[in-house]
Amino acid sequence: MGERGRDGTGDAGRPLVSVIIPVRDMGRYLGEALRSVLAQDYRPIEVIVVDDGSTDDSAEVAASFPEVICLREPRRGVSIARNLGIARSRGAFVAFQDADDIWDPGKLTVQMEWMLNHPETGYVAAFYGNFAIILRAYAYILMLGDKEISQSFDFDNGIAAQSILLGAAEKGLGGCMIASIQRTNLRERLKIPGRYEIILVIALGRPIETVVLEAVKADGDIKYWRDGEGRHYVPKRALADIILH
């Protein structure tokens with residue numbers, strides 16, 4: 001969930017959430033990203049796509065969704081694009097999505113429930129997975145925290161989950177981290193003892209895209225990226241660069 005916006009309410013008095021999506025030349029992924037936003041079980045929402053000077057069909061893809069507001073701008077960078085979206089938004093809350101991301105249907109509901117129950121909170125974030133889109137999950141791993149050992153589980157969860165996903169990728173599997181989960185229902189169904197905190201769920205399955213683990217280039221850039229054929233590149237540093245002797 002991004003920063004709090006202006007006061008704005010919608011149906012049943014629930015706050016309007018403005019979803020801002022900057023895009024540049026990501027038309028091949030944008031449609032799926034927008035469908036995942038429009039499938040959110042939280043309402044009301046407004047969806048604003050800011051096309052940052054794309055040379056592909058990104059703007060046309062956005063315009064094909066009647067519910068979506070599409071702003072076409074010259075190329076000035078993702079930060080300016082997000083700010084333009086905020087300026088156009090009407091919501092009391094602002095959420096940011098990348099044009100190649102897919103949201104869990106309950107993401108906004110979970111985040112808004114927290115925000116409304118904790119008005120002192122300025123923003124909330126979510127776990128994400130970036131080791132390939134999977135066609136169907138065949139296995140799930142629950143990450144639990146033992147409260148008899150520690151009461152705080154705010155650190156290293158992402159590193160642990162990413163390590164599991166890296167191992168899965170080595171075996172030809174894809175996966176994602178899911179934090180927008182119904183923890184109470186999950187605890188009851190799996191009879192998880194109260195001493196364990198449910199941190200997140202990792203879903204594993206057959207990937208529908210090719211994941212390529214590559215060495216970090218000389219410029220140190222570690223951003224994930226996709227090429228024109230849909231291959232998903234994941235830069236990783238060598239062990240010698242991260243282990244201290």
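The values are calculated or read from the model by the stated rules, or taken from the named source; none is laboratory data. Because the structure is a prediction, the values reported are computed rather than measured. Cβ: placed from backbone, ideal geometry, glycine included. Neighbour counts: every protein chain shown.
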(request) Collect the residues in the stretch 221-245 that are in contact with a strand residue (DSSP E or B) (Cβ under 9 Å, 6 or more places away or on another chain) and either under 25 Å from F155 (Cα atoms) or hydroxyl-bearing (S, T, Y) (or both), keeping them in residue-number order. (result) D221, I222, K223, Y224, Y233, V234, P235, K236, R237, A238
(message) Against the conditions (1) at pLDDT 90 or above; (2) surrounded by 18 or more Cβ atoms within 10 Å (Cβ to Cβ), where does W103 fall short? Just the number, please.
(response) (1)
(message) Let me spell it out: the conditions are (1) out of contact with any helix residue (DSSP H, G or I) (no Cβ under 9 Å at 6 or more places or on another chain); (2) closer than 12 Å to L34 by Cα, and D101 meets all of them except one. Which number is the exception?
(response) (1)
(request) Output the residues belonging to the stretch 191-216 that are hydrophobic (A, V, I, L, M, F, W, C), touching a residue at least 40 places away in the same chain (Cβ under 8 Å) and exposed (fewer than 14 other Cβ atoms within 10 Å of the Cβ). (result) I208, L213
(message) Against the condition of a type outside the set (F, W, Y) and either modelled with pLDDT of 95 or more or buried (at least 18 other Cβ atoms within 10 Å of the Cβ) (or both), how does L116 come out, does it pass?
(response) no
(message) Please go through the stretch 76-89 and give me each residue that is surrounded by 15 or more Cβ atoms within 10 Å (Cβ to Cβ) and over 20 Å from the mean Cα position of the chain (by Cα), ordered by number.
(response) I80, L84, S89
(request) Test each condition in (1) aliphatic (A, V, I, L, M); (2) touching a helix residue (DSSP H, G or I) at 6+ places or on another chain (Cβ under 7 Å); (3) part of a helix (DSSP H, G or I) for A160 and report the one that comes out false. (result) (2)
(message) With touching a helix residue (DSSP H, G or I) at 6+ places or on another chain (Cβ under 7 Å), aliphatic (A, V, I, L, M) and not assigned by TED's automatic domain parsing to the domain that holds Y224 as the only criterion, which of V110, V49 stands out?
(response) V49
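Give the residue, chosen from I202, I181, that is aliphatic (A, V, I, L, M) and in a strand (DSSP E or B).
Working: I181 fails: in a strand (DSSP E or B).
The match here is I202.
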(request) Read through the list (1) among the acidic types (D, E); (2) closer than 23 Å to D98 by Cβ; (3) in contact (Cβ under 8 Å) with a residue 24 or more places away in the chain, then give the number of the only condition that E229 fails. (result) (3)
(message) Can you report the number of residues in the stretch 45-63 which are of a type in the set (S, T, Y), surrounded by 15 or more Cβ atoms within 10 Å (Cβ to Cβ) and not in a helix (DSSP H, G or I)?
(response) 1
(request) Look through P119, P105, P66 and report the one residue that is within 17 Å of the chain's Cα centre (by Cα) and either assigned to a loop (DSSP other than H, G, I, E, B) or within 19 Å of W225 (Cα to Cα) (or both). (result) P105
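If a residue must be modelled with pLDDT of 70 or more, surrounded by 11 or more Cβ atoms within 10 Å (Cβ to Cβ) and farther than 17 Å from I181 by Cα, how many such residues does the stretch 123-149 contain?
So the first thing to find is which residues in the stretch 123-149 are modelled with pLDDT of 70 or more, and the list is 123-125, 136-149.
Subset that is surrounded by 11 or more Cβ atoms within 10 Å (Cβ to Cβ): 123-124, 137-147.
Remaining after also requiring farther than 17 Å from I181 by Cα: 123, 138, 146-147.
So the count comes out to 4.
Determine whether the stretch 69-92 contains at least one residue that is β-branched (V, I, T), under 29 Å from L213 (Cα atoms), assigned to a helix (DSSP H, G or I) and at pLDDT below 90.
There is at least one residue in the stretch 69-92 that is β-branched (V, I, T), under 29 Å from L213 (Cα atoms), assigned to a helix (DSSP H, G or I) and at pLDDT below 90.
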